[in-house]
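The values are calculated or read from the model by the stated rules, or taken from the named source; none is laboratory data. Everything numeric here is computed off the predicted structure, so don't read it as measured data. Virtual Cβ from ideal backbone geometry, glycine too; neighbours counted across all protein chains shown.
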2 protein chains.
Amino acid sequence: MRAEHEAGATTSGALRAHNRVRLLRAVHDCGASLTRSALTRDLGLARGTASVLVGELAESGLLHEEPAAEHGRGRPTQVPGPHPRGPIALAVDVREDAWEVAACELGGRATVVEVRPHDGTPEGALVPLGAALRARLERLAPRVVGTGVALAGPVRPGGLVDIAHLRWTSVDVPGLLALPGPLVVGNDTAFAGLAEARRGGLRGVAVGLHLHVDFDLGGTLIVDGRPLAGATGVGAEFGHMPLTGGDAPCMCGAYGCWGQEVGTNALLRHLGLAHGGGRGRDHAERLLSAATAGDEAAVRAVRSCAGALGRGVSALVNAHDPEAVTLSGFGVDLHRLALPELMERFERGLMAIRRERPPRIVPSALGWRGSLIGAMESVFDAFLTVDAVDQWRRAHA
Amino acid sequence: MRAEHEAGATTSGALRAHNRVRLLRAVHDCGASLTRSALTRDLGLARGTASVLVGELAESGLLHEEPAAEHGRGRPTQVPGPHPRGPIALAVDVREDAWEVAACELGGRATVVEVRPHDGTPEGALVPLGAALRARLERLAPRVVGTGVALAGPVRPGGLVDIAHLRWTSVDVPGLLALPGPLVVGNDTAFAGLAEARRGGLRGVAVGLHLHVDFDLGGTLIVDGRPLAGATGVGAEFGHMPLTGGDAPCMCGAYGCWGQEVGTNALLRHLGLAHGGGRGRDHAERLLSAATAGDEAAVRAVRSCAGALGRGVSALVNAHDPEAVTLSGFGVDLHRLALPELMERFERGLMAIRRERPPRIVPSALGWRGSLIGAMESVFDAFLTVDAVDQWRRAHA
DNA sequence: CGATTATGCTCTAGCCGTGAACATAAGTCT
DNA sequence: AGACTTATGTTCACGGCTAGAGCATAATCG
């Protein structure tokens with residue numbers, strides 16, 4: 001009836017498949033760092049079972065064992081890691097003026113293989129990207145299990161994307177890319193949150209909040225290691241809640257949005273400078289440098305953004321009670337340059353019962369790479385299922 | 001690593017237990033309405049497997065089969081339902097001036113067995129309630145699998161409850177009740193949301209939003225059939241986000257809270273009447289009657305609340321993209337009396353991309369009984385697990 | 001009243017994981 | 001250097017599970 005009832009095996013045949021995926025997932029999640037004996041213990045398997053499973057996975061080209069570097073006392077164990085001809089996820093981060101493609105192995109190692117600037121139009125960005133990806137897919141032939149593409153705007157069902165600051169409306173991303181094979185199109189903020197949940201500051205956290213500051217602000221709630229998707233797939237839009245009391249119309253079509261007060265657009269507006277249209281990242285970076293150096297006007301602008309960030313975070317913490325809050329993008333800089341202002345407004349906006357044990361607010365360890373890593377995780381999430389792994393095994397028998 | 005990896009059986013022995021719980025869960029969720037053959041199909045089991053499972057469950061007093069009312073063409077099938085000596089959940093709804101106890105069978109049938117007024121103090125309310133529950137537990141002896149208690153305030157770990165309008169602070173509910181056996185203490189709004197997800201307007205919805213209007217306003221996000229819990233268990237606090245632009249201090253310790261603008265406290269304040277302190281429910285009901293009859297001042301107050309409700313809902317819809325929004329408590333009345341005002345501010349606050357297919361906003365079908373039903377569901381959620389069911393079977397061998 | 005249809009029951013075949021016994025490969029002690 | 005200790009990998013018999021086929025059962029339909 002509900003998804004959870006479907007989970008788990010029902011037949012003894014499905015049991016094997018289920019454990020295969022569990023093992024593969026564990027290898028991926030730990031970054032291929034755990035030894036076989038540790039995995040056997042963690043997953044609660046008998047040594048014999050683990051033996052059979054690893055054997056099968058190695059034979060079908062999904063895993064490859066190498067001797068562990070450090071030895072203890074007994075018989076040395078092996079470390080299962082990605083197979084040299086194993087599955088690959090292509091991850092793409094599309095920014096306002098360039099895109100970046102990475103090839104990622106099971107375990108999470110990502111290698112950037114291509115970076116190219118573009119003109120900011122849907123066709124100018126996505127058609128060459130599609131060609132580059134198709135070329136790479138052909139070269140890597142049957143190894144690629146999917147492509148994940150991160151974009152800086154809401155993604156509707158069918159991969160339709162709107163990016164207000166680039167004037168993209170209902171851009172048909174899958175259509176323009178024209179790729180064979182599985183494709184995941186996602187919001188960069190949601191992907192960054194996913195990355196944070198799997199390999200960043202929200203690892204192991206039951207309920208976490210991730211906020212990404214760029215031109216404006218986005219965010220998602222992370223529950224049990226994955227961002228909440230929303231009914232139509234359009235999550236990560238915390239920036240479009242009216243949390244700071246304004247009522248100015250926003251580019252999104254609503255008004256009073258929190259995202260208007262936090263981000264480089266807001267920074268530049270504070271100083272009376274031109275903003276919007278996807279320009280101004282360099283300008284904003286200079287401004288942050290000025291603030292770091294102590295320039296008074298810049299510092300005031302940064303403090304204002306940090307305060308608005310803190311106020312909004314308090315509201316979201318009141319509502320959702322997360323265990324931790326991570327900040328990425330320019331959020332890292334706001335945290336670094338104006339922590340007192342951020343925390344003052346954060347604490348003032350908390351309910352009394354939240355003040356006792358407020359969540360920690362931490363800058364992301366993944367920096368600007370979160371979106372790319374999240375795109376990878378999203379592809380592997382689709383692959384690390386009973387159906388997809390079985391399909392690979394049939395093809396690589 | 002994450003919860004989902006733990007789900008499902010890993011050994012063949014656990015397979016049987018897993019399928020037992022799946023079957024029991026399916027019977028409960030459908031309200032004991034499905035026939036055995038329908039269940040067999042829905043769960044994807046073989047007829048032989050279902051035969052064994054139902055037999056075991058009947059023998060251990062968990063299920064009881066009765067002939068199906070309607071016959072088709074072939075051999076008539078049976079309907080598995082609650083066993084006459086089967087598990088019972090006690091559900092309690094504690095209101096500001098009275099509490100109510102219901103005994104609930106597997107399948108969801110709830111029978112109110114006791115209602116008693118109280119004086120509004122923690123001891124005055126909870127000590128007699130504890131005595132009443134202990135008496136009932138003793139009478140029903142080994143059948144009660146747990147007690148669920150709904151309260152109108154945030155619940156912290158350990159069952160500590162704060163109810164601002166009753167001046168309850170850090171009330172130790174489990175301590176005052178002093179019950180043997182499992183106890184679930186929960187927020188009434190979260191419970192109402194759970195009920196809505198299982199047996200109301202959010203049934204089968206992947207992402208839904210439930211809002212409960214009483215003195216003020218609470219709400220939860222429903223994901224995959226369950227309300228988001230929050231890290232410390234304190235969810236359902238959407239009322240304490242600043243979504244309507246105010247900045248007045250709130251009883252919760254924060255300021256500008258949405259809940260100050262929606263609810264009976266807000267209604268009475270609009271008319272310059274005394275409010276707060278848990279008094280005024282009768283007054284508010286008279287006021288709603290007056291608005292229904294067309295009294296102008298009352299209508300204005302209701303419209304203002306409905307507008308503030310709509311504005312907040314738009315913000316939450318922007319952020320979370322739910323498939324449906326349900327309203328319970330006085331939210332039903334606001335929906336009935338001032339739908340245009342509600343919808344106008346709702347639609348104005350939506351992002352453009354949300355306007356295409358906005359979620360439906362529907363009044364709850366469960367009315368004021370949601371909290372009680374949710375408390376029951378919460379108890380059965382704890383029981384319908386491999387461990388708890390196995391324990392019952394060992395005791396009832 | 002026999003044919004049809006859907007369901008329940010029983011039994012065998014095939015698969016899976018456990019756990020014990022054995023094999024292996026190190027470190028460690030004398 | 002050689003024997004002992006320790007931890008891990010491998011193999012295999014065993015018990016348990018579900019699927020599926022075949023048969024029994026009980027209703028409706030013509």
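So which residues in region A:296-355 are within 14 Å of chain B (Cβ to nearest Cβ) and among the aromatic types (Phe, Trp, Tyr), if there are any at all?
A:Phe346
Is at least one residue of region A:278-290 within 20 Å of B:Ala352 (Cα to Cα), more than 9 Å from chain B (Cβ to nearest Cβ) and either touching a residue at least 40 places away in the same chain (Cβ under 8 Å) or not in a loop (DSSP other than H, G, I, E, B) (or both)?
yes
Only one residue in B:Arg75, B:Arg16, B:Arg41, B:Arg20 is more than 14 Å from chain A (Cβ to nearest Cβ) and of a type in the set (Lys, Arg). Which one?
Result: B:Arg75 is the single residue among B:Arg75, B:Arg16, B:Arg41, B:Arg20 that is more than 14 Å from chain A (Cβ to nearest Cβ) and of a type in the set (Lys, Arg).
Of the residues in region B:17-42, how many are assigned to a helix (DSSP H, G or I) and within 12 Å of DNA strand C (Cβ to nearest atom)?
7
Of the residues that make up region A:298-321, is at least one part of a helix (DSSP H, G or I) and closer than 30 Å to A:Ile88 by Cβ?
So far as region A:298-321 goes, no, none of its residues is part of a helix (DSSP H, G or I) and closer than 30 Å to A:Ile88 by Cβ.
I'd like the full set of residues that are surrounded by fewer than 13 Cβ atoms within 10 Å (Cβ to Cβ) and in contact with a His (Cβ under 8 Å, 6 or more places away or on another chain), limited to region B:51-90.
Matches in region B:51-90: B:Pro84 only.
Take the residues of region B:241-273 that are aliphatic (A, V, I, L, M) and in a loop (DSSP other than H, G, I, E, B): which is surrounded by the fewest Cβ atoms within 10 Å (Cβ to Cβ)?
B:Ala248
Of everything in region A:209-243, what is under 25 Å from B:Gly256 (Cα atoms) and more than 8 Å from chain B (Cβ to nearest Cβ)? Give them in sequence order.
A:Leu209, A:His210, A:Leu211, A:His212, A:Val213, A:Asp216, A:Leu217, A:Gly218, A:Gly219, A:Thr220, A:Ala236, A:Gly239
Residues in region A:366-382 that are surrounded by fewer than 22 Cβ atoms within 10 Å (Cβ to Cβ) and touching a His at 6+ places or on another chain (Cβ under 9 Å): how many?
0
Just for region B:27-74: of the residues that are in contact with a strand residue (DSSP E or B) (Cβ under 6 Å, 6 or more places away or on another chain) and in contact (Cβ under 8 Å) with a residue 60 or more places away in the chain, which one is nearest to DNA strand D (Cβ to nearest atom)?
B:Val27
Out of all the residues in region A:69-78, is one or more in the same structural domain as A:Gln391 (by TED's automatic domain parsing) and of a type in the set (A, V, I, L, M, F, W, C)? Before the answer, list the steps.
Going through region A:69-78, the residues in the same structural domain as A:Gln391 (by TED's automatic domain parsing) turn out to be none.
There is no residue in region A:69-78 that is in the same structural domain as A:Gln391 (by TED's automatic domain parsing) and of a type in the set (A, V, I, L, M, F, W, C).
From A:Gly181, A:Gly193, which residue is surrounded by fewer than 17 Cβ atoms within 10 Å (Cβ to Cβ), touching a Leu at 6+ places or on another chain (Cβ under 8 Å) and within 28 Å of A:Trp392 (Cβ to Cβ)?
A:Gly181
Provide a single number: the residues in region A:122-161 that are over 20 Å from A:Phe191 (Cα atoms) and without any contact (Cβ under 8 Å) to a residue 40 or more places away in the chain.
Qualifying residue count, region A:122-161: 8.
Filter region B:46-74 down to the residues that are more than 10 Å from DNA strand C (Cβ to nearest atom) and part of a loop (DSSP other than H, G, I, E, B) and list them by number.
Those that are more than 10 Å from DNA strand C (Cβ to nearest atom) and part of a loop (DSSP other than H, G, I, E, B): B:Ser60, B:Gly61, B:Leu62, B:Ala69, B:Glu70.
Restricting to region B:75-120, what's the tally of residues that are within 16 Å of DNA strand D (Cβ to nearest atom) and part of a loop (DSSP other than H, G, I, E, B)?
3
What's the total number of residues in region B:356-397 that are over 30 Å from B:Gly86 (Cα atoms), touching a residue at least 24 places away in the same chain (Cβ under 8 Å) and within 12 Å of another protein chain (Cβ to nearest Cβ)?
Residues meeting the conditions: 3.
Does region A:345-365 contain any residue that is of a type in the set (Asp, Glu) and either buried (at least 17 other Cβ atoms within 10 Å of the Cβ) or in a helix (DSSP H, G or I) (or both)?
yes
Checking B:Arg25 against (1) within 11 Å of another protein chain (Cβ to nearest Cβ); (2) surrounded by fewer than 20 Cβ atoms within 10 Å (Cβ to Cβ); (3) among the basic types (Lys, Arg), which single condition isn't satisfied?
(2)
Can you tell me which of (1) more than 24 Å from the chain's Cα centre (by Cα); (2) in the same structural domain as B:Arg136 (by TED's automatic domain parsing) is the one B:Ala38 doesn't meet?
(2)
Taking B:Ser12 and the conditions (1) of a type in the set (Ser, Thr, Tyr); (2) in contact (Cβ under 8 Å) with a residue 40 or more places away in the chain; (3) under 30 Å from A:Cys30 (Cα atoms), which numbered condition does it fall short on, given that it satisfies the others?
Tallying (1) of a type in the set (Ser, Thr, Tyr); (2) in contact (Cβ under 8 Å) with a residue 40 or more places away in the chain; (3) under 30 Å from A:Cys30 (Cα atoms), B:Ser12 fails exactly one: (2).
When you check A:Gly204 against the structure, is it under 22 Å from A:Pro359 (Cα atoms), in a loop (DSSP other than H, G, I, E, B) and within 8 Å of chain B (Cβ to nearest Cβ), yes or no? So that I can check it myself, show each step before the final result.
Values: under 22 Å from A:Pro359 (Cα atoms): yes; in a loop (DSSP other than H, G, I, E, B): yes; within 8 Å of chain B (Cβ to nearest Cβ): yes.
Yes: the conditions hold for A:Gly204.
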